[in-house]
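Presented below is the structure to which this report refers.
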């Protein structure tokens with residue numbers, strides 16, 4: 001079963017993605033990692049993406065989705081219990097293309113896990129990190145981009161009854177526990193659904 005994890009910058013999403021992937025034996029799909037891997041290996045997709053990155057342009061949706069599709073087709077990924085997409089897709093066209101690719105590859109989609117942390121909490125957390133780029137203005141700008149990007153996606157998945165919104169505030173273990181519970185709940189629901197269909 002494949003999953004998508006969303007969360008605002010500074011909510012600990014990357015850490016949770018790694019923990020959840022390890023405990024559920026999922027492949028952790030990070031767009032940045034897959035992009036860098038393709039560029040480093042000099043794949044055809046990597047060369048195309050590299051040209052956009054050198055110009056400082058965003059890598060187009062179709063290239064990102066092609067890389068995702070390529071990754072999903074690899075035996076090492078196929079051998080896992082599923083994939084956890086970390087902050088991908090970022091746009092509705094990406095979501096539609098990913099859905100199409102998953103359908104063609106015969107993969108099952110569990111749903112979207114969205115960590116919710118209010119902006120004040122995020123600003124407070126990031127200001128404590130003390131990084132030069134974590135000024136309140138910069139953090140506000142990053143949060144504005146996140147809300148603008150993800151709001152349509154959350155609505156898109158909510159309409160399809162594929163969205164679970166979870167409280168992202170608490171200890172690392174508490175948040176991971178909520179994520180695992182959501183995954184198990186949807187897995188159980190799917191199992192009962194299949195049984196009901198079978199009778």
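Checking every residue in segment 15-25 against the condition of being buried (at least 18 other Cβ atoms within 10 Å of the Cβ) and out of contact with any strand residue (DSSP E or B) (no Cβ under 8 Å at 6 or more places or on another chain) gives at least one match.
Scanning segment 159-179 for residues that are part of a helix (DSSP H, G or I) and exposed (fewer than 14 other Cβ atoms within 10 Å of the Cβ) yields a count of 5. From the set of residues in segment 36-63 that are within 17 Å of residue 89 (Cα to Cα) and touching a residue at least 12 places away in the same chain (Cβ under 8 Å), which is surrounded by the fewest Cβ atoms within 10 Å (Cβ to Cβ)? Per the criteria, the residue is 62. Given the criteria within 18 Å of residue 84 (Cα to Cα) and either within 17 Å of the chain's Cα centre (by Cα) or modelled with pLDDT under 85 (or both), does residue 164 qualify? When the stated conditions are applied, residue 164 passes them.
Look at (1) within 15 Å of the chain's Cα centre (by Cα); (2) more than 27 Å from residue 177 (Cβ to Cβ) and you find that residue 74 fails only one, number (1). In this structure, is residue 58 modelled with pLDDT under 90 and in a loop (DSSP other than H, G, I, E, B)? Criteria met by residue 58.
Cβ separations smaller than 7 Å between residues 6+ apart or across chains give the following pairs from segment 1-25 residues that are free of Cβ contacts under 8 Å to residues at least 24 places away in the same chain to residues that are part of a strand (DSSP E or B): 18/28.
Please tell me if residue 106 is modelled with pLDDT under 95, surrounded by fewer than 18 Cβ atoms within 10 Å (Cβ to Cβ) and touching a strand residue (DSSP E or B) at 6+ places or on another chain (Cβ under 9 Å). If you could, list the steps in order and put the result at the bottom.
On the way: modelled with pLDDT under 95: yes; surrounded by fewer than 18 Cβ atoms within 10 Å (Cβ to Cβ): yes; touching a strand residue (DSSP E or B) at 6+ places or on another chain (Cβ under 9 Å): no.
So residue 106 does not fit the description; no.
Filtering segment 109-131 to residues that are in contact with a helix residue (DSSP H, G or I) (Cβ under 7 Å, 6 or more places away or on another chain) and either closer than 19 Å to residue 174 by Cα or part of a strand (DSSP E or B) (or both) leaves 109, 110, 111, 112, 113, 114, 115, 122.
Residue check: residue 152 meets all listed conditions (1) within 16 Å of residue 5 (Cβ to Cβ); (2) touching a residue at least 12 places away in the same chain (Cβ under 8 Å) but one, namely (1).
Quick one: would you say residue 94 is touching a helix residue (DSSP H, G or I) at 6+ places or on another chain (Cβ under 9 Å), without any contact (Cβ under 8 Å) to a residue 60 or more places away in the chain and under 26 Å from residue 66 (Cβ atoms)? In short, yes.
The values are calculated or read from the model by the stated rules, or taken from the named source; none is laboratory data. Remember, predicted model here, so these are calculated numbers, not experimental data. Glycine also receives a Cβ, built like all others from the backbone with ideal geometry; neighbour counts cover every protein chain displayed.
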